1. Among the listed residues Ala59, Ala53, identify the single one that is in a helix (DSSP H, G or I), at pLDDT 95 or above, surrounded by 16 or more Cβ atoms within 10 Å (Cβ to Cβ) and of a type in the set (Gly, Ala, Ser).
2. May I ask you to list the residues in the range 21-50 that are in a loop (DSSP other than H, G, I, E, B), closer than 13 Å to Pro5 by Cα, open to solvent by less than 30 Å² (accessible area, probe 1.4 Å) and modelled with pLDDT of 95 or more?
3. Filter the range 62-75 down to the residues that are over 16 Å from Leu2 (Cβ atoms) and small (Gly, Ala, Ser), then identify the one that is least open to solvent (accessible area, probe 1.4 Å).
Amino acid sequence: ALILPSYREGLANVVLEAAAMQCLLVVSCIDGNLNIVPDDAHGVLFEPRTVNALHNAMARVAEMNSSDMESRTQKAYKIIADNYSQNKVHAQLAAAYQRLLCG
């Protein structure tokens, strides 16, 4: 599992990479993280800057069965595969450049 107790992120590359490796994501409920873990079905969310919330999230992971972990990791991986694959990002970047060049 990846645990990221951040209170401010852009689109967190480490969360993207962990999801691509099909790690269970335990992340603070902030912008950026929510793009990849929109709800508890895709990982484990907790309130930022709250030690008890982080502790409770970690306890939930410790009690989680393998089927539940697998389900969450697959859902997060699907978000990465559908939205952040290298081909998709390159195509979107090329389209953005084309729009800028053509006015």
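1. Step by step, each of Ala59, Ala53 is checked, and only Ala53 is in a helix (DSSP H, G or I), at pLDDT 95 or above, surrounded by 16 or more Cβ atoms within 10 Å (Cβ to Cβ) and of a type in the set (Gly, Ala, Ser).
2. Correct list: Ile30 only.
3. Initial filter on the range 62-75 (over 16 Å from Leu2 (Cβ atoms)): 63, 65-68, 71.
Narrowing the set further to residues that are small (Gly, Ala, Ser) leaves 66-67, 71.
Numbers: Ser66: 93, Ser67: 82, Ser71: 45 Å².
Across the range 62-75, the extreme among qualifying residues is Ser71.
The values are calculated or read from the model by the stated rules, or taken from the named source; none is laboratory data. Just so you know, these numbers come straight off a predicted model, no measurement behind them. Cβ coordinates were reconstructed from backbone atoms using ideal geometry, including for glycine residues, and neighbour counts include every protein chain displayed. Surface areas here come from the heavy atoms of the whole protein model, side chains and all, with no ligands, DNA or RNA. Shrake-Rupley method; radii C 1.70, N 1.55, O 1.52, S 1.80 Å.
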